[in-house]
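As structure tokens, the structure follows; a few thoughts come after it.
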Amino acid sequence: MSDHDVTVLLADDHHLVRSGLAGLVDSVDGMRVVGQAADGAEAVSLAAELLPAVVLMDLSMPVLDGVEATRRIVAAQPDAHVVVLTSFSDTTRVGDALAAGAVGYLLKDCDPRDLIAAVRSAAQGYAPLDPRVARALLPTTTVSPADRLSVRELQVLRLIGKGMANKQIGRALGISERTVKVHVGHVFRQIGVTDRTSAALWGKQYLPDE
């Protein structure tokens, strides 16, 4: 054991989880567990007392949840490195934890090697994020498949909705039947259908009125 070890505080209300994490962390050279908390309030108290390099924080705990515990730890120790370790990956929980001051966010089914790497990374001032969590933070798109269609493809889709065959569509638009087939194939791929009936129904539901 060295004064230069990365010290870790574990906060999780399940004894079995804490024991497993403690065994993993203590088995790594240059890393050691200095405390274990069974609820958020205890985590806040132990963090103030022990000043660990990294706090591995569960989110769902009694007395005080992980988000509020993180907020209080970081408020008292601005340089604290809290890494959330939880089963939840939804955008709301991730956002709340990071807003509270957590520097990292991992899922409990992560590889043990990734967990150890994340603890080291956090201790060095980096922000370890599980790739699945990082995807949850990406802005969601509001683009409709119809917005990805060209003006010509929208025209083709509307004529499909009127029951026209490719040859009829070509005559109506002044383009070859072969070109119509290319447009139809692209339209099908963009809106996720495989036949003309489905395309017509999709168009009636999602295309704005002319």
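Can you give me the solvent accessible area of E49 with a 1.4 Å probe, rounded to the nearest 10 Å²?
Near enough 130 Å² of accessible area.
Contact order normalised by length for region 79-202, with contacts defined as Cα pairs under 8 Å and 6 or more residues apart; what percent is it?
That works out to 20 percent.
When the chain is fully extended, how far beyond the present Cα-Cα distance does D195 get from I175, taking 0.36 nm per residue of separation?
Numbers: separation 20, 0.36 × 20 = 7.20 nm, distance 2.13 nm.
Working it through step by step, the gained length comes to 5.1 nm.
If the chain between A41 and A165 were fully stretched, how many nm would it gain, using 0.36 nm times the residue separation less the Cα-Cα distance? Mind showing how you got there, number by number?
Details: separation 124, 0.36 × 124 = 44.64 nm, distance 6.94 nm.
That works out to 37.7 nm of additional length.
Among V103, V193, V82, which one moves the most in a GNM of the chain with springs linking Cα atoms closer than 10 Å?
Maximum fluctuation in the GNM of the chain, among the listed residues, is at V193.
Please give the FRET efficiency for L50 paired with D114, using the beta carbon to beta carbon distance and R0 = 22 Å, rounded to the nearest 0.05. Present the calculation step by step, with values, prior to reporting the outcome.
Values: r = 25 Å, r/R0 = 1.12.
E(calc), rounded to 0.05, equals 0.35.
So, R0 is 35 Å and r is the distance between the beta-carbons of Q124 and H15; what FRET efficiency does that work out to, to 0.05? Write down the numbers at each step before the final one.
On the way: r = 30 Å, r/R0 = 0.85.
Taking R0 as 35 Å, the efficiency between Q124 and H15 is 0.70.
Let a ≥ b ≥ c be the square roots of the eigenvalues of the Cα gyration tensor of region 60-181; is it rounded (a/c under 1.5), or, if not, prolate (a/b larger than b/c) or oblate? Before the final figure, lay out the partial values.
Values: a/c = 4.42, a/b = 3.58, b/c = 1.24.
Taking the square roots of the gyration eigenvalues as a ≥ b ≥ c, region 60-181 is prolate.
Do you know the relative contact order of the chain, to the nearest whole percent, from alpha carbon pairs under 8 angstrom that are 6+ apart?
Numbers: 312 pairs, mean separation 28.0, N = 210.
In percent, rounded to a whole number, it is 13.
Taking Rg/Rh (Cα atoms, Kirkwood Rh) straight from the coordinates, which label in (i) 1.07; (ii) 1.33; (iii) 1.01 is the correct one?
(ii)
So which trypsin sites (Lys or Arg not before Pro) in region 27-129 are both in a DSSP loop and have at most 16 other Cβ atoms within 10 Å of their Cβ? Write down the numbers at each step before the final one.
On the way: sites: R32, R71, R72, R93, K108, R113, R120; in loops: K108.
Those that pass, being in a loop and sparsely packed, are K108.
Give, rounded to the nearest 20 debye, the magnitude of the charge dipole that the chain has about its Cα centre when Lys and Arg contribute +1 at Cβ and Asp and Glu contribute -1 at Cβ. Walk me through the intermediate numbers first.
Numbers: 21 positive and 25 negative charges, 423 e Å.
So the dipole magnitude of the chain works out to roughly 2020 debye.
The values are calculated or read from the model by the stated rules, or taken from the named source; none is laboratory data. The structure displayed is predicted, hence computed values, not measured ones. For neighbour counting, all protein chains shown are included, and Cβ atoms are generated from backbone atoms with ideal geometry for every residue, glycine included. Each accessible area value is taken on the protein alone, full model and side chains, heavy atoms only, with ligands, DNA and RNA left out. Shrake-Rupley method; radii C 1.70, N 1.55, O 1.52, S 1.80 Å.
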